[in-house]
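The values are calculated or read from the model by the stated rules, or taken from the named source; none is laboratory data. Remember, predicted model here, so these are calculated numbers, not experimental data. Virtual Cβ from ideal backbone geometry, glycine too; neighbours counted across all protein chains shown.
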């Protein structure tokens, strides 16, 4: 395994403005035994031509055409043709720092099967990075530095697509790219967790994440909050929900209302609690809202929390801690 082949899966569509920089960052890697399987998702710009030129110049780069439509089908196509025993992803508009592949591979090699190698990320943009993205970067890198990514699994995607490296058999054990759920990287993260793949801590920033107005995560409806909430609820009900416990939903803002509607549609009973005096005692969707102290009256509750404010989250955590509640067992922050 000393010189194992690393397969880098790169789906792309109309990213000609960034592909050269992306590919050059791979060519500059200190670890050289890699292959790129780049899959064209029916581009209409010069992206394909760029890849054709790079593949002619370097035999490690192969170009394929998506055998379906969309990023998930493109990933399936890439995986079909890749040959490495070590698998990683790359976004066609991002950059790798020079030691990314080496650091992740050595980390994976040292710890063995059943592990995920991850690295820190850094946003960059000609337009500057907004406060929300900076907070996400800081939060994500703090988790990655400790390897505690799963501890806040339901907040946001804790192992984004270009930040992981895995053994082929572990990726396949997790279902690979077989699922049709969006956001696809968040869905895969839940499946990594489900298969108990252990996250290896890493304090180094290895990936540069480009932000720009037309980035897919900003423009595609597959990456809207509704998709995130639906995915979170799907896995909560699959992995953590206990029908023998009382379910509580905290918060009656937009996310709380969306989740309440989803639970009602599934005929799942729950207590709806909040700390807003204007809402306590009133009904939404025919469901009565209680003061959050109602939780103490329940015998064995589980809580989904949709309150986003940082100070409020700290107060809720303190309240739950004094009530003997534990994260990822008794309560789950969905934002």
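Based on what the data block shows, is residue 326 under 18 Å from residue 236 (Cα atoms) and not assigned by TED's automatic domain parsing to the domain that holds residue 150?
Spelling it out, residue 326 is indeed under 18 Å from residue 236 (Cα atoms) and not assigned by TED's automatic domain parsing to the domain that holds residue 150.
Quick check, is residue 186 surrounded by 20 or more Cβ atoms within 10 Å (Cβ to Cβ), touching a helix residue (DSSP H, G or I) at 6+ places or on another chain (Cβ under 8 Å), more than 20 Å from residue 75 (Cα to Cα) and at pLDDT 95 or above?
The answer is no for residue 186.
Could you give me the residue pairs with C-beta distances under 7 Å whose first residue belongs to segment 169-184 and is within 15 Å of residue 68 (Cα to Cα), whose second residue is buried (at least 18 other Cβ atoms within 10 Å of the Cβ) wherever it lies, and which are 6+ apart or on separate chains?
177/72; 177/75; 177/76; 177/79; 179/187; 180/72
Could you please find all residues in segment 27-48 being in contact with a helix residue (DSSP H, G or I) (Cβ under 8 Å, 6 or more places away or on another chain) and either surrounded by 21 or more Cβ atoms within 10 Å (Cβ to Cβ) or without any contact (Cβ under 8 Å) to a residue 60 or more places away in the chain (or both)?
Hits for segment 27-48 are 36, 37, 38, 39, 40, 41, 43, 45, 46, 47.
Filter segment 132-148 down to the residues that are buried (at least 17 other Cβ atoms within 10 Å of the Cβ) and more than 12 Å from residue 117 (Cα to Cα) and list them by number.
136, 137, 140, 141, 143
Could you please give the count of residues in segment 6-20 that are surrounded by fewer than 16 Cβ atoms within 10 Å (Cβ to Cβ) and in contact with a strand residue (DSSP E or B) (Cβ under 6 Å, 6 or more places away or on another chain)?
Adding up the residues that qualify gives 0.
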